[in-house]
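Quick note: the coordinates plus some simple rules give every number you see, no bench work behind them. Bear in mind that the values here come from a model prediction, so they are computed numbers and not experimental data. With ideal geometry, Cβ positions are generated from the backbone for all residues, glycine too; neighbour counts draw on all protein chains shown.
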Amino acid sequence: MALSHTILSILAHQAATGYDISKKFSQTYGLIWQATHQQVYRELNQLEKQGLISFSLQFQQGKPDRKQYQLTDQGEQQLKKWLLESTLTHGILRDEFISRILAALKCHPKMAFTAVKKREQDHRQTIHKMQQLMAQLDHLDNKTYYDELMILLLKRSIRHEQVSLQWLEEDLLPMLQQMIQE
């Protein structure tokens, strides 16, 4: 999966400005794909050049016009093609945090322990934020299928965070604690 497919997926639901799309990445879509503001705008430009999206200008009083992006027929076909591709392969786990811990273990076990404690706190905060967002969606009247899917994605992400937190607490932290004491 690429950032382009995630943006096409967002636009398949409704037209949006670059700002709106970036906001989605800092909220719900950030659970499945991370992207900076600059990455989103760079990708929007590429998708527009490829004819997969188009835009209309929205006039704003005293401000530059806003671009409202929408999926083109070609973009919809690209999204369908991507959806039909085999999904049997699993992504390779790329975890910069684990790489840093491995690097710190040899020279600075105390630094590794501190980093893991920080990560433990980050997992707790992330779980809390996701639970709050899920509660907001849960209390909506007339939930759409999209809302229901977002709830399911949040549940999955919460479980992932909980498993990572459990692994830190039950496995990694005790090992690091033991290393520091030796």
**Report entry** Per-pair calculated FRET efficiency, R0 = 25 Å: Gln27 and Asp65 via Cβ, rounded to 0.05
**Finding:** 0.50
**Report entry** Cα gyration tensor shape of the chain, rounded if a/c is under 1.5, else prolate or oblate by comparing a/b with b/c
**Finding:** prolate
Report summary line: From fewest to most C-beta neighbours within 10 Å, the residues Val163, Val40 line up as Val163, Val40
Query - Over 31 Å (Cα to Cα) - which of Lys24/Lys106; Lys67/Lys143; Lys81/Lys129 fall in this group - result: Lys24/Lys106; Lys81/Lys129
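Using the crude model of +1 on Lys and Arg Cβ and -1 on Asp and Glu Cβ, and no other charge, please compute the dipole size for segment 1-113 relative to its Cα centre, in debye to 20.
In debye, rounded to 20, segment 1-113 gives about 420.
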Report task. Note the full-extension length gain between Leu105 and Ala135 as 0.36 nm times their separation in residues minus their Cα-Cα distance, in nm to one decimal. Result -> 6.9 nm
Query raised in the report: Mind checking the alpha-carbon convex hull of segment 3-84 and giving the volume per residue in Å³?
Result: 91 Å³
**Report entry** Exposure proxy order (Cβ contacts within 10 Å, fewest to most) of Phe55, Phe25
**Finding:** Phe55, Phe25
Query - Dipole-positive endmost among Thr72, Tyr19, Leu153 within the chain (Cβ charges, Cα centre) - result: Tyr19
Report summary line: The FRET efficiency for Leu149 and His5, from their Cβ-Cβ distance with R0 = 22 Å and rounded to 0.05, is 0.90
